[in-house]
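Engineer: Encoded as structure tokens, here's the structure I'll be asking about.
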Amino acid sequence: MQHRFERISIQTPRHRIVGVATLASDGYRSRLSDLLNAPERDFISLTDATVTELGGDREVTQHEFIAVHRGHVVFAVPLGEVAAPADGAIV
């Protein structure tokens, strides 16, 4: 299966998470909505992620990988395709 990489922003009640999701290049599972609504997955995997707290001091942390539980997602938006990771890793 061919893959593409999309930078997405996920908002939870307490954080904004921006990272790279791996999606199918076309067809089923090629859209962000497919990733969010997949019944077989409880977590959304992101690489190269930045987590920003929404309240208080707005602490920012960087993570090579993060898994976000779908139940915590308030909304998500695609930010555009990005190049494949240098190491070829697919999450």
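The values are calculated or read from the model by the stated rules, or taken from the named source; none is laboratory data. What you are looking at is a predicted structure, and each value in this text was computed from that prediction instead of being measured. Cβ: placed from backbone, ideal geometry, glycine included. Neighbour counts: every protein chain shown.
Engineer: Identify the single condition in (1) part of a loop (DSSP other than H, G, I, E, B); (2) modelled with pLDDT under 90; (3) loosely packed, with under 12 Cβ neighbours inside 10 Å that residue 13 does not satisfy, given that it satisfies every other one.
Structural biologist: (2)
Engineer: Somewhere in the range 22-32, is a residue in contact with a strand residue (DSSP E or B) (Cβ under 9 Å, 6 or more places away or on another chain) and more than 22 Å from residue 2 (Cα to Cα)?
Structural biologist: Looking through the range 22-32, none of the residues is in contact with a strand residue (DSSP E or B) (Cβ under 9 Å, 6 or more places away or on another chain) and more than 22 Å from residue 2 (Cα to Cα).
Engineer: What are the residues in the range 54-80 that are modelled with pLDDT under 95, surrounded by fewer than 13 Cβ atoms within 10 Å (Cβ to Cβ) and among the charged types (D, E, K, R), if any?
Structural biologist: Selection gives 57, 58, 59.
Engineer: Checking residue 30 against (1) over 12 Å from the mean Cα position of the chain (by Cα); (2) surrounded by 15 or more Cβ atoms within 10 Å (Cβ to Cβ); (3) modelled with pLDDT of 95 or more; (4) polar (S, T, N, Q): exactly one of these is not met. Which one?
Structural biologist: For residue 30, the exception is condition (3).
Engineer: Restricting to the range 22-62, give me the number of residues that are touching a helix residue (DSSP H, G or I) at 6+ places or on another chain (Cβ under 7 Å) and touching a residue at least 40 places away in the same chain (Cβ under 8 Å).
Structural biologist: Residues that pass the stated criteria total 1.
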